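I have placed the structure first, in the form of structure tokens, so that the comments after it can refer back to it.
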Amino acid sequence: DHHVNYGSGSGLQDRVAFVQTDPSQHDASIRLADLQVSDTGTYQCRVKKNTVAVHEVIVTVQEKPATPQCWTEGHVTEGSTILLRCYSR
């Protein structure tokens, strides 16, 4: 149908577009821009001619970890024991 169905409340309207300007020329690929964790889900391609063909792709967007915060516990002297603690949100 030459259109993208974004689903309800998905926030994809300004970030999804066909790769080719005319998807009827045998390439209905889409490009997802500025991926967000909330874009994780099942995406579906439906091609209609005489019949309907459907293909689903599961997309999982993982979040880049934050820079860890690290610190030591104990006295940093030769022969002593210390703990190196690291935490990331």
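The values are calculated or read from the model by the stated rules, or taken from the named source; none is laboratory data. Owing to the predicted nature of the structure, the values given are computational and were not obtained by experimental measurement. In this analysis, Cβ positions are derived from the backbone assuming ideal geometry, glycine residues included, and neighbour counts consider all displayed protein chains. Remember, those area values only see protein heavy atoms, side chains included, never the ligands or the DNA or RNA. Shrake-Rupley method; radii C 1.70, N 1.55, O 1.52, S 1.80 Å.
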With a 1.4 Å probe and all protein chains left in place, how much of the accessible area of the chain comes from carbon and sulfur atoms, in whole percent?
50 percent
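Give, in whole angstrom and from largest to smallest, the semi-axes √(5λ) of the equivalent ellipsoid of the range 1-88, with λ running over the eigenvalues of the Cα gyration tensor. Mind showing how you got there, number by number?
On the way: eigenvalues 499, 29, 24 Å².
Working from the Cα gyration tensor, I get semi-axes of 50, 12, 11 Å.
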Size of the dipole of the chain about the Cα centre, Lys and Arg at +1 and Asp and Glu at -1 on the beta carbon, nothing else charged, in debye to 20?
200 debye
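What accessible area per residue, rounded to a whole number of Å², is obtained for the chain using a probe radius of 1.4 Å? Display every interim value, and only then the final one.
On the way: 7830 Å² over 89 residues.
In whole numbers, the chain has 88 Å² accessible per residue.
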Computed accessible area, His75, all protein chains, 1.4 angstrom probe, square angstrom
150 Å²
